[in-house]
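*Asks:* Dumping the structure here so I can ask a few things about it.
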Amino acid sequence: MEPRSYMNIPFAEVEGQALKLDIYRPADEGVYPLILHVHGGGWSVGGRAGNAAGFASYVAQGFVVADIDYRLAPASPYPAACDDVRTAARWLLAHGGEYGADASRMGGLGYSAGAHLVEMLITEANTPLRCAVGWGGPTDMTREPVTHPYRGYAWAFMSACPTEEPALYAEVSPVTRLTAWTPPILHIHGDADGVVPVHHAHLLAEAAVRVGAPVEIIIQAGGGHCVPGNDEDGRQADTRIKAFFVRHLG
């Protein structure tokens, strides 16, 4: 039997914009743990369309995947995207069961800006996430962006530069939000990332040690921005991600 999909499900309407999500689930009847996927694109571009092929292996392993929209910068700067990701998670807690998802066992998955957004959600008090995986996302927004694309995206997302709003940039940095009670995080980063420098992974690791937060770090040798160093690195990372979700979501 083919996996099931439910497309263009509205979960909120904000500022006249309908926010929607797509759900992919195994064909067999039953209730499965849930992965909330948040797309990348510098908080400014991209969307949920075209991601289905990447979720097939998760569905085959017994997960439901929900792929969500959020409002984009610069038209909708911070906190819009964070608010929308939180709203989607709450909607899934209320309605996920209608699609075979056990949202009490929900993990987050994101790449680049999506990684930042899931790491923001999991470091909230009373987060609905049981764990999160982020690949190539910024973790300390107070650091001056050193690459041209990252600088432009970050300033558009924040609607200000770091020197103008230092406290706000600290507020939007996962490194400042970690506690000993933060659920488990797996952060993956390429050491040749030319968009979000790999030192963001090291900063997250150092912050986790300071507060005793359960954070795992994978550094991809030769890996670019959300791209593994080679095929074997990619396979190993994929295996680690799925094992992480199985361990923490069941």
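The values are calculated or read from the model by the stated rules, or taken from the named source; none is laboratory data. Predicted model only: the values in this text are computed from it and were never measured. Reconstructed Cβ throughout: ideal geometry from the backbone, glycine too, with neighbour counts over all protein chains shown.
*Asks:* For ALA60, which of the numbered conditions (1) over 23 Å from SER173 (Cβ atoms); (2) of a type in the set (A, V, I, L, M, F, W, C); (3) touching a Pro at 6+ places or on another chain (Cβ under 6 Å) fails to hold?
*Replies:* So ALA60 meets the others, but not (3).
*Asks:* Can you tell me which residues in segment 7-22 are touching a Leu at 6+ places or on another chain (Cβ under 9 Å) and surrounded by 14 or more Cβ atoms within 10 Å (Cβ to Cβ)?
*Replies:* Of everything in segment 7-22, those that are touching a Leu at 6+ places or on another chain (Cβ under 9 Å) and surrounded by 14 or more Cβ atoms within 10 Å (Cβ to Cβ) turn out to be ILE9, PHE11, ALA12, LEU21.
*Asks:* Considering only segment 1-46, state which residues are assigned to a loop (DSSP other than H, G, I, E, B) and over 29 Å from GLY250 (Cβ atoms).
*Replies:* GLU15, GLY16, GLY41, GLY42, TRP43, SER44, VAL45, GLY46
*Asks:* Quick one: in segment 89-125, which of the residues that are surrounded by 24 or more Cβ atoms within 10 Å (Cβ to Cβ) and in contact with a Phe, Trp or Tyr (Cβ under 6 Å, 6 or more places away or on another chain) is nearest to VAL59 (Cα to Cα)?
*Replies:* GLY107
*Asks:* For segment 47-135, which helices (runs of 4 or more DSSP H) that fit wholly inside it have 3 or more residues that are more than 12 Å from the chain's Cα centre (by Cα), within 15 Å of PHE157 (Cα to Cα) and at pLDDT 95 or above?
*Replies:* The qualifying helices (runs of 4 or more DSSP H) are 80-95.
*Asks:* I would also like to ask the following. Looking for whichever is surrounded by 20 or more Cβ atoms within 10 Å (Cβ to Cβ), touching a helix residue (DSSP H, G or I) at 6+ places or on another chain (Cβ under 9 Å) and either over 21 Å from GLY137 (Cα atoms) or basic (Lys, Arg) (or both) here; the options are VAL38, VAL64. Which one fits?
*Replies:* On inspection, the qualifying residue turns out to be VAL64.
*Asks:* Which one is modelled with the highest pLDDT among residues in segment 205-229 that are buried (at least 19 other Cβ atoms within 10 Å of the Cβ) and within 16 Å of GLY110 (Cβ to Cβ)?
*Replies:* Only one residue fits best here, namely VAL215.
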